[in-house]
Amino acid sequence: MNQLLRFIATLNSTVRDLLPIVLVVAFFQLVVLQQPLPAFGDLLVGFLLVWLGLAFFIRGLEQGLFPIGESIAFAFARKANVFWLLIFAFALGFGTTIAEPALIAIANVAAEVAAGGGIIENHKQALESYALGLRLTVALSVGLAIAIGVLRIIKGWPIQYLIIGGYIGVVIMTAFAPPEIIGIAYDSGGVTTSTVTVPLVTALGIGLAESIKGRNPMIDGFGLIAFASLTPMIFVMAYGAMI
């Protein structure tokens, strides 16, 4: 019964979150464009599916992904084994990113555009190789970023200096990278912070900060996602320069 009440509460909060989007679309369609909503029945079914999907997703995060991420961080902190904690952080970043739906989509699109622009050959093997190479590059960069972020939490390093240094690296790489890869590299930084990566990585950072004496979860527990957004830009530009 308690779980059902929580899910109903999640449904209510989700519909409030979706309502502004529905109102904006309806306003511009009916008032500005002065056209009826196309396929209203399909739109209604789609809205219901999105509503239920978001509600289930949020409950899944709260009930499953966040607790397991925090419990793993606590377990590693109790063992005080920094080496295996960093290996786990890298593997978590790599594994969640390589499975990220947004990254898979943008890698496939980037491969098609690269083939259309004559950068790679326009056949299936070349397209798949380019897309896989892009995904692996981003996943490796995120894995490294999460490992660095975890080390920062352990050591208590200020996050702002690492972020500033990282963006200086982005600017430098932008000056030397091929023009056709720069936009893809910048977008790669955004697609890594999506549905699969963010919950587990955030839970890891918060759990680790809570389990280490002297660390503040609000100050030290967050920031891993910033690293996950930053390093792909550098790595993808380097990838573009090498192919």
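The label-point distance for Leu33 and Asn12, in a model that sets each label 7 Å from Cα toward Cβ, rounds to 3.4 nm. Computed from backbone phi, the HN-Hα couplings of the range 138-148 come to 5, 5, 4, 5, 5, x, 5, 5, 5, 4, 5 Hz, rounded to whole numbers (Karplus: 6.51 cos²θ - 1.76 cosθ + 1.60, θ = phi - 60°; Gly and Pro given as x).
Among 142-149, 111-118, 65-72, the peptide with the highest mean count of other Cβ atoms within 10 Å heads the list, and the full ranking is 142-149, 65-72, 111-118.
For the range 68-76, the Karplus equation 6.51 cos²θ - 1.76 cosθ + 1.60, evaluated at θ = phi - 60°, returns couplings of 5, x, 5, 5, 5, 4, 4, 5, 5 Hz by residue, with Gly and Pro reported as x.
Positive contributions from Lys and Arg (+1) and negative ones from Asp and Glu (-1), summed over other residues with Cβ under 13 Å from the Cβ of Ala107, come out at -3. Each of Ala131, Thr197, Gly69 was placed along the dipole of the chain (beta-carbon charges, centred on the mean Cα), and the one lying farthest toward the positive end is Gly69.
From its DSSP helices (H runs of at least four residues, each -39,500 (n - 2.57)), the chain gives a residue-normalised ellipticity at 222 nm of -27000 deg cm²/dmol.
The aspartates and glutamates within cross-link reach of Lys79, meaning a Cα-to-Cα straight distance under 19 Å and a gap of 8 or more places when in the same chain, are Glu70, Glu210. Among the protein heavy atoms of the range 16-165, carbon and sulfur supply 72% of the accessible surface, probe 1.4 Å, non-protein parts ignored. Straight-line reach from Lys124: taking Cα to Cα under 20 Å and skipping same-chain neighbours fewer than 8 places apart, the aspartates and glutamates in range are Glu112. Computed from phi, the 3J(HN,Hα) profile of the range 227-239 under the Karplus parametrisation 6.51, -1.76, 1.60 (θ = phi - 60°) reads 5, 5, 8, 7, 5, x, 4, 5, 5, 5, 5, 5, 4 Hz, with x in place of Gly and Pro. Measuring only protein heavy atoms, the 1.4 Å probe finds Glu62 accessible over about 100 Å². Going 7 Å from the Cα of Ala26 in the Cα-to-Cβ direction, what parts of the range 2-20 have a backbone nitrogen less than 11 Å from that spot? Once the point is set 7 Å along Cα→Cβ of Ala26, 19-20 turn out to lie under 11 Å by backbone N, inside the range 2-20.
Its Cα centre serving as origin, the chain has a Cβ charge dipole (Lys and Arg +1, Asp and Glu -1) of approximately 820 debye. Rolling a 1.4 Å probe over the protein heavy atoms gives the range 144-216 an accessible area of 46 Å² per residue.
The values are calculated or read from the model by the stated rules, or taken from the named source; none is laboratory data. In this text, all values refer to a predicted model and were calculated from it rather than measured experimentally. Every residue, glycine as well, gets a Cβ built from its backbone with ideal geometry; the counts of neighbours run over all protein chains shown. Heads up: the accessible areas ignore ligands, DNA and RNA and are worked out on the full protein's heavy atoms, side chains in. Shrake-Rupley method; radii C 1.70, N 1.55, O 1.52, S 1.80 Å.
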